[in-house]
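The values are calculated or read from the model by the stated rules, or taken from the named source; none is laboratory data. The structure presented is a predicted model; accordingly, all values stated were derived computationally and were not measured. As a convention, Cβ positions derive from the backbone with ideal geometry for all residues, glycine included, and neighbour counts pool all protein chains shown. Protein only, heavy atoms only, side chains kept; ligands, DNA and RNA dropped before computing areas. Shrake-Rupley method; radii C 1.70, N 1.55, O 1.52, S 1.80 Å.
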Number of protein chains: 2
Amino acid sequence: MYVILVYDVAVERVAKVLQVGRKYLTWVQNSVLEGELTPAQFARLKAELKRTADPSDAIRFYVLPNKNALQVEVLGTSRNEPSQII
Amino acid sequence: MYVILVYDVAVERVAKVLQVGRKYLTWVQNSVLEGELTPAQFARLKAELKRTADPSDAIRFYVLPNKNALQVEVLGTSRNEPSQII
């Protein structure tokens, strides 16, 4: 499955949420990570974030069966792209 | 088509980029908007953002044929959801 993670969390938890996200996904720009995950990895990511985040934080996942369904377009600068290596 | 817009722009252009984004899409959380667009609307959105943003800004679009391909999951708080009204 292909997962896009966007987070809108209080400043004191930003670094920790980013750290957890990076364990599973690739950072692409401020507050956005994405990548291919197995269902088990996705479950672990959510469990870790649940422990890290506060109920007042907004963490949003966009989940797709695979990346083929998705077209990505960038305006301006691409800060980073997920590796094409499988 | 279903479009998710995430932006990572310099603070002096945040308000303007948000204003343009809101003309076409629904704000869901900080720096994230989404919604159903026609190809013509998407083209206009990109043209307006191109005029508004700087080449150093990162504006990223995730484009899907329709929303059915997409599963959305929220951890913590949903700041807002796109209307279900068509």
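Summarising the amide proton neighbourhood of A:Asp57: residues at separation of 5 or more, or on other chains, whose placed amide H is nearer than 5 Å comprise B:Thr77. Look at the stretch A:8-14: the mean tally of other chain Cβ atoms within 10 Å of its residues' Cβ atoms is 2.
Short-range pairs are left out: with C-alpha atoms under 8 Å and at least six residues apart, the relative contact order of chain B is 45 percent. The residues of region B:18-37 occluded by other protein chains by 10 Å² or more of accessible area, set against the chain on its own, are B:Val28, B:Gln29, B:Asn30, B:Val32, B:Glu34; surface from heavy atoms, 1.4 Å probe.
A dipole drawn for region A:2-69 from +1 and -1 charges on Cβ atoms has a positive end, and of A:Leu49, A:Val32, A:Ala69 the residue lying farthest that way is A:Leu49.
Remark: accessible area buried at the A-B interface is about 3200 Å², both chains counted, probe radius 1.4 Å.
Does anyone have the angle between helix B:39-52 and the longest principal axis of chain B? Alpha-carbon axes, 0 to 90°, nearest 10? With rounding to tens, the tilt is 30 degrees.
May I ask you to order B:40-53, A:15-28 by the average number of other C-beta atoms within 10 Å around their residues, highest value first?
Working: B:40-53: 15.6, A:15-28: 17.3.
Ranked from most to least packed, the peptides come out as A:15-28, B:40-53.
Each 5 Å bin from 0 upward holds the following percent of the Cα-Cα pairs of region A:1-50: 5, 22, 36, 25, 10, 2, 0.
Can you figure out the FRET efficiency of A:Ala43 with B:Met1, using R₀ = 30 Å and their beta-carbon distance, to the nearest 0.05? Here the calculated transfer efficiency is 0.50. Mean projection of the Cα convex hull over all viewing directions, computed for chain A: 5.9 nm².
The HN-Hα couplings worked out from phi for region A:14-24 by the Karplus form 6.51 cos²θ - 1.76 cosθ + 1.60 (θ = phi - 60°) are 4, 4, 5, 5, 4, 4, 5, x, 5, 5, 10 Hz, whole numbers, x standing for Gly and Pro.
Counting lysine pairs in the protein assembly as shown whose alpha carbons fall under 30 angstrom apart, excluding pairs fewer than 8 residues apart on the same chain, gives 24. Taking the accessible area of the protein assembly as shown, probe 1.4 Å, and keeping the other protein chains in place, the carbon and sulfur fraction comes to 54%.
Per residue, the solvent-accessible area of the protein assembly as shown (1.4 Å probe, heavy atoms of protein chains only, all protein chains present) comes to 51 Å². Per-residue 3J(HN,Hα) values for region B:59-70, derived from phi via the Karplus relation 6.51 cos²θ - 1.76 cosθ + 1.60 with θ = phi - 60°, read 10, 10, 10, 9, 10, 10, x, 7, 6, 4, 6, 10 Hz in sequence order (x marks Gly and Pro).
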